[in-house]
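No lab work stands behind these numbers, since they all come straight from the coordinates. Here the structure is a predicted model, which means the values were calculated and not measured. So basically every Cβ, Gly included, is an ideal-geometry build from the backbone, and we count neighbours across all protein chains shown.
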Amino acid sequence: MTVIVTPRGAPAKQVAKDDSMLKQKQMMAAHYERLTSAPETGEKVVSTFVPGNLNELVKCFDLVNNLPEVNAIQSGLRKQSGAYVLEAEKIGHSEDVCTYVKSDIGMMAKGNIGPNGKKLPNPNALLLSYTGCFTFMKWFELLREQYQCETIMLHTPYMGDGKITKNMIEYMVKQLKEEVIPKLERISGVKFDIDRLREYLKKSAKAEDDLVAVLQSAKNKPSPIDAYFGGIYYIGPIFGAFRGTDDAIDYYRFLRAEVEERVAAGKGPITPDGDMGKEKYRLVVEGPPNYTNFRQFWKMFYDEGAVVVASSYTKVGGVYDLGFRHDPDKPLETLAEYCLGVYTNRNLPMRIDMLANYIEEYQADGLLINSIKSCNSFSAGQLLIMREVEKRTGKPAAFIESDLVDPRYFSAANIKNRLESYFQMIEQKRSGAALERGAA
Amino acid sequence: MATSLKESKLADIVSRAQALFDDLSFTAARKWKEAAPGRKVVGYLPIYVPRELIHAAGMLPLGVVGGGDQLEVIHGDAFYQSYICRIPRSTIELGVSGRLDFVDGMLFPSICDVIRNLSGMWKMMFPEVYVRYFDVPQNYKDEIGGNYYIQELRELLEALGEMRGRPVTDDELRASIAVYNENRTLVRELYALRAERPWQVPAAEAYLMMRAGLVLPVEEHSALLRDYIAAAKSEERPRRDNCRVVLTGVFCEQPPLNLIKSLELAGCYVVDDDLLLVTRWLVGDVTTEGDPLENLARAFLHQSSSTAAKYEPDLAEKGQHLVRAVQRTKAEGVIFACPSFCDPALLDRPMLQRVLKAANIPYIAFKYAENSGQMQPIREQAGTFADSIKLWSGA
Ligand code: SF4
Ligand code: SF4
C-alpha cells in the first residue's frame with residue numbers, strides 16, 4: 001500500500017495559485033535531488049517504509065530516506081510500473097504477489113531510475129521498520145539480497161485485540177534502544193542525541209495538528225477537499241520524508257489556510273479539471289487507490305459530483321485524526337505507539353468502527369471499497385467490512401476492484417458501471433427516505 | 001500369515017488416520033469433549049502455536065487447516081475475493097456451517113495478513129468464542145524478543161486458566177512439555193525413517209499420520225505414531241526407482257492428498273517437507289527444568305523451524321535450512337509447491353531458489369489450491385523432474 005505523490009499530475013489549474021502545492025513540489029524535487037546526488041555529496045541513504053517509518057529518528061543520524069513504496073507510486077503515475085511488474089515476473093516473481101514489490105524490483109532491474117530521471121543510489125542500510133503488512137518483511141529480504149547491505153529490523157506487534165499493551169511498547173522500545181539506534185549510529189557515524197529527537201517530534205506534532213484540521217474540514221458541506229484523491233497529495237509530506245521538518249510545518253500551515261479559505265467561500269474541492277461542480281454524493285472510501293489510471297479514476301467521481309469525505313488509505317502512514325500525536329516527552333514510546341496505531345495494524349473490528357464512525361461524522365452517503373488485487377493486508381476481510389458497515393450505518397456500500405500499480409487490473413468500464421449503479425442506489429435510498437419523511 | 005497380520009495392522013492404522021482426515025465434522029474431537037464435563041477445545045491455524053499451553057489447561061488443541069478438496073464451500077466464497085487463497089474461505093465455511101461449533105477458542109498465528117485479518121473476522125462472526133491473534137517476535141534475542149514472547153505466552157496462559165476456571169500451574173506446564181517432547185521425538189523418528197527408507201513410509205501416509213496429530217489428544221497421537229513406525233518398519237514394501245525430493249512451500253494451505261500421492265507416483269519420493277510445521281516447529285526437546293515459559297520461549301527463539309513467515313536476520317543464513325534439509329535427507333532436488341495467491345510462500349520462493357542454484361540443487365515449482373482437482377500437469381512436471389534427476393545422477 002501507501003502513499004505519496006509529487007504534485008506532478010496534481011490539480012493542474014490550481015498549481016499556480018496554491019502555496020501549498022508549490023511548496024510540496026519544491027520539497028519533493030529537493031528530496032529526490034538530495035537522494036540521487038548522495039553518491040557525490042557522500043550523504044548516507046537508508047531505505048524504509050511508509051507505515052511505521054521512523055523519520056524523526058532517521059533525521060537524528062543525518063540519513064536521507066528512500067521510500068520504495070513511493071517510488072512504486074511514482075512509477076505507477078508515470079505509467080512505468082506495468083513494464084516493471086512484467087520485468088519482475090520475467091525474473092521469477094509470481095503473478096500472484098504484491099505489485100508494489102514487483103514494481104520496485106522491476107525498476108531496480110531496469111537501472112533504478114528515480115522520478116527525476118537520475119539513478120537512485122544503493123542504500124547504506126535497509127531500515128525494516130514496518131507495520132500492518134507481512135509483505136514488507138519479504139520485500140526487504142529481497143532487497144537485502146540485491147544490495148547486500150545491513151538490514152535493521154523493528155518489529156511492530158499487531159493490535160489483534162484492539163489495544164496497545166505495555167508489553168508491546170516495552171518490546172518496541174527495547175528494540176529501538178538495543179538494536180535500531182546502535183546500528184544507525186554505527187552506519188551513520190553520528191551519535192544519538194535524544195534531545196534532537198525531541199525537537200523533531202515537536203515539529204511533527206505541529207504539522208500533524210494542521211493535517212488533521214485539513215482532513216476534518218471535509219465535515220463541511222460542501223466539503224472543501226477530496227479526502228481520498230486529493231487526500232493522497234495532502235498526506236505526501238507527512239507520510240514521506242518530511243515528518244519532523246520545518247518544511248512540513250510550512251506546508252501544512254499553507255494547506256490549512258487554503259482549505260479554510262475554501263470553506264469560508266463555500267467552495268468544494270479542486271480537481272485536475274478545476275473546481276468541482278455541485279457536491280452530490282459524499283463517500284467514505286476504504287482501500288488504496290489505483291495509480292496507473294489515477295486521473296481517469298478520480299474523474300469518474302468528480303464528473304458525477306461525488307466527493308470522498310474520509311478514507312482509510314490516508315491513515316496508512318499514521319492515524320492522527322483519532323488523537324495520536326508524536327509526543328516529545330516520551331520520544332521512544334511515542335515512536336512505538338505511532339507504529340502500532342497505523343491503520344492496517346488495527347484489527348478488523350477497529351477498522352470497521354473507524355469506517356462506520358466516519359460515515360456518521362462526515363455525514364456520508366455510504367462506503368465504497370476499492371479492493372486491491374495484490375494487497376492482502378487491506379483486502380482480506382473487506383467483504384465482511386462492507387457488510388458490517390452497511391448493517392451498522394444503514395447506508396449503502398459498494399465494492400470495486402483494481403490494483404495499485406499493475407495496469408492489467410484496471411478495468412475502467414467495469415469500475416464506471418459499478419460506480420454509476422452505486423450512485424443510483426444512493427439516489428434511491430434518498431428518495432426512499434424522503435418518501436418516508438413525507439409519509440410521517 | 002505373519003506378514004498379512006502386520007499388513008492388516010499397518011492398513012488399520014492408515015485407515016484410521018484416513019478416517020480422521022476425511023471427517024470434516026471433527027467427530028473425534030467432539031467425542032473427546034463430550035467424554036467428560038467441562039472439557040474444552042481450542043483450535044489453531046497454521047503455522048505454530050505452543051500446544052503445550054492448551055494441553056496444560058486440560059484442553060484439546062485442535063488444528064484447523066482448511067477444508068481440503070472434499071468440503072463444499074458455499075458461504076466462504078462470499079467473504080473473499082477471487083484473488084485470495086483458499087484456506088480462509090474454507091475455514092470460514094467450517095465455522096459458518098457449524099462444523100466448529102464445539103470449539104471454545106481459536107488461535108490465529110502470526111503467519112500472514114490473511115490469517116491475521118481472519119482473526120478479526122472470527123471475533124466478529126463468532127463472538128462467543130475466545131479468539132486470539134497469537135503474535136510471535138521477529139526479534140530473536142532473549143532479552144528483547146524473548147521477554148516479549150514470554151509475556152505473550154503468559155497472557156495466553158492466563159486466558160486459558162480463566163476459561164477453565166483455575167490458573168494453569170508451572171508443574172502442569174512442565175508435564176505438558178514432557179508429553180509434547182515425546183511426541184516430537186516420535187515425529188522426528190518418523191521423518192528420519194522416511195528419509196532413510198522412503199518406500200517404507202509413503203509421503204501420503206506420513207502426512208496422514210501428522211494430520212491425525214492435529215485432531216487427536218497428543219498422548220493418543222504418540223501411540224498412533226509409535227504403532228505406525230513399528231508397523232512401517234516391519235513390513236517390506238516394494239522399492240521403486242524414484243528420486244528423492246524435499247517438498248517445500250506447503251506450510252499453510254494444504255495441498256490435496258492426491259497431490260502428495262501424485263508426486264510419488266510420478267517418481268519422486270518425498271524425504272522431507274514443511275507440511276504441518278506445528279508438529280515439528282521446535283526442532284529439539286524443550287527442557288522441563290526451570291521456568292516453563294522461559295523454556296518454551298528459548299526453544300522458539302533458538303531452535304525452531306525456518307519458514308517464510310519468519311524474518312531471517314542473517315543474509316548468509318537465508319535459505320540454508322533448505323540446503324541442510326537436502327543434505328540431511330540426501331535429497332536430489334526440491335519441489336516448490338505454493339498455494340496460489342500466497343504472498344509469504346511466493347515471495348520467499350525466488351530467494352530460496354537462488355540459494356539452491358548456488359548450491360547446485362535442482363528444483364521445480366508449481367502452484368496449487370487445496371481444492372485443485374487436476375493432477376495431470378503436476379504429475380507430468382514431477383515426472384520430468386524425476387527423469388532429469390536420474391539422468392544427471394547417472395551422468
Ligand atoms: S501487500 Fe499491500 S500493504 Fe503490503 S506492501 Fe503490498 S501494497 Fe503495501
Ligand atoms: S496460504 Fe499463504 S496467504 Fe493464504 S493464509 Fe496461508 S500463508 Fe496466508
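Using Cα-Cα distances under 8 Å and only pairs 6 or more residues apart, what relative contact order does chain B have, in percent? Across chain B, relative contact order equals 20 percent. Derived scalar couplings between HN and Hα for region A:395-404 equal 9, x, 10, 9, 10, 10, 10, 7, 9, 5 Hz in order, rounded to whole Hz, by the Karplus curve 6.51 cos²θ - 1.76 cosθ + 1.60 (θ = phi - 60°), x for Gly and Pro. Aspartates and glutamates within cross-link reach of B:Lys367: Cα-Cα under 19 Å, excluding same-chain residues under 8 positions apart? Leaving aside aspartates and glutamates fewer than 8 places away in the same chain, those within reach of B:Lys367 are A:Glu89, A:Glu95, A:Asp96, B:Asp69, B:Glu253, B:Glu264, B:Asp272, B:Asp273, B:Asp274, B:Asp343, B:Asp348, B:Glu380.
Bridging of B:Lys31 to lysines at a Cα separation below 18 Å is possible for B:Lys40, once same-chain residues fewer than 8 apart are set aside. With the cut-off at 1.5 for a/c, could you classify region A:286-440 from its C-alpha gyration tensor as rounded, prolate or oblate? Judged from the Cα gyration tensor, region A:286-440 comes out oblate (a/c at least 1.5, b/c at or above a/b). Could you list, in their original order, any pairs among A:Lys23/A:Lys221; A:Lys163/A:Lys191; A:Lys163/A:Lys221; A:Lys110/B:Lys141; A:Lys191/A:Lys330 whose Cα atoms are separated by more than 30 Å? Too far apart for the 30 Å limit: A:Lys163/A:Lys191; A:Lys163/A:Lys221; A:Lys110/B:Lys141.
Expressed as a fraction of 2.2 N^0.38 Å, the value expected for a compact globular protein of N residues, the C-alpha radius of gyration of region B:208-366 is 1.13.
Percent of Cα-Cα pairs more than 49 Å apart in the protein assembly as shown, please. Distances greater than 49 Å cover 20 percent of the Cα pairs. Between helix B:343-358 and chain B, what is the angle of the helix's C-alpha long axis to the longest principal axis, kept within 0 to 90° and rounded to the nearest 10? Approximately 40 degrees, to the nearest 10.
At q = 0.14, 0.20 Å⁻¹ the log10 of I(q)/I(0) for region B:52-173 amounts to -0.69, -1.16, computed by Debye summation with a single uniform scatterer per C-alpha, solvent ignored. For B:Lys33, the lysines whose Cα falls under 23 Å of its own Cα, not counting residues fewer than eight places away in the same chain, are B:Lys123.
Using Cβ point charges alone (K and R +1, D and E -1), the dipole size of region B:211-338 about the Cα centre works out to roughly 500 debye.
Summarising the overall dimensions of region B:104-185 from its C-alpha atoms, the Rg and Dmax are 14.6, 39 angstrom.
Volume per residue of the convex hull around the Cα atoms, evaluated for region B:326-370, comes out as 78 Å³. Projecting the Cα atoms of A:Ala88, A:Val190, A:Thr156 onto the charge dipole of region A:72-216, computed from C-beta unit charges around the Cα centre, puts A:Val190 farthest toward the positive end. Extending 7 Å from Cα along the Cβ direction at A:Arg437 and again at B:Gln374 yields two label points whose distance is 5.6 nm. Charge tally for A:Ser377 (other residues, Cβ to Cβ under 15 Å; Lys, Arg +1; Asp, Glu -1): 0.
For region B:317-395, a/c is not less than 1.5, where a ≥ b ≥ c are the root eigenvalues of the C-alpha gyration tensor, and a/b does not top b/c. That puts it in the oblate class. Cross-linked pairs A:Lys219/A:Lys267; A:Lys90/A:Lys315; B:Lys9/B:Lys261: Cα-Cα separations exceed 23 Å for A:Lys90/A:Lys315. Placing +1 on each Lys and Arg Cβ and -1 on each Asp and Glu Cβ, with no other charges, gives region A:368-440 a dipole about its Cα centre of roughly 180 debye. The Kirkwood hydrodynamic radius of region A:114-260, based on inverse pair distances between different Cα atoms, is 18.2 Å.
The separation of region B:318-341 from region B:18-83, counted between C-alpha centres, amounts to 28 Å.
Each residue, A:Arg295 and A:Ser37, gets one label point 7 Å from its Cα in the Cβ direction; the gap between the two is 3.0 nm. Note on B:341-353: average number of Cβ atoms from other chains within 10 Å of each residue's Cβ is 6. In chain A, Cα pairs under 8 Å separated by at least six residues give a relative contact order of 20 percent. Principal-axis analysis of the Cα atoms of chain A puts helix A:166-175 at an angle of about 40° to the longest axis.
In a shell of Cβ-Cβ distance under 14 Å around A:Pro328, excluding A:Pro328 itself, what net charge do Lys and Arg (+1) and Asp and Glu (-1) give? Neighbour charge sum, excluding A:Pro328 itself: -1. Rg and Dmax over the alpha-carbon atoms of chain B stand at 20.5, 66 Å.
Taking a ≥ b ≥ c as the square roots of the eigenvalues of the alpha carbon gyration tensor, region A:117-187 is oblate, as a/c is not under 1.5 and a/b does not beat b/c. Just so you know, the averaged projected area of the alpha carbon convex hull for region A:220-329 sits at 7.6 nm². Once divided by 2.2 N^0.38 Å, the Cα radius of gyration of chain A becomes 0.95. Distance from the alpha carbon centroid of region A:371-440 to that of region A:74-139 works out to 30 angstrom.
Residues in region B:244-257 carry Karplus couplings, in order, of 10, 10, 9, 9, 9, x, 9, 7, 10, 4, 7, x, x, 4 Hz; the curve used is 6.51 cos²θ - 1.76 cosθ + 1.60 with θ = phi - 60°, and Gly or Pro positions show x. Relative to the longest principal axis of the Cα atoms of chain A, helix A:229-239 runs at roughly 20 degrees.
The charge dipole of chain A, taken about its Cα centre with unit charges on the Cβ atoms of Lys, Arg (+1), Asp and Glu (-1) only, comes to about 520 debye. Give me the net charge for the shell around A:Arg144: Cβ to Cβ below 9 angstrom, other residues only, Lys and Arg +1, Asp and Glu -1. Computed value for this residue: -2.
Summarising the amide proton neighbourhood of B:Ser304: residues at separation of 5 or more, or on other chains, whose placed amide H is nearer than 5 Å comprise B:Val283.
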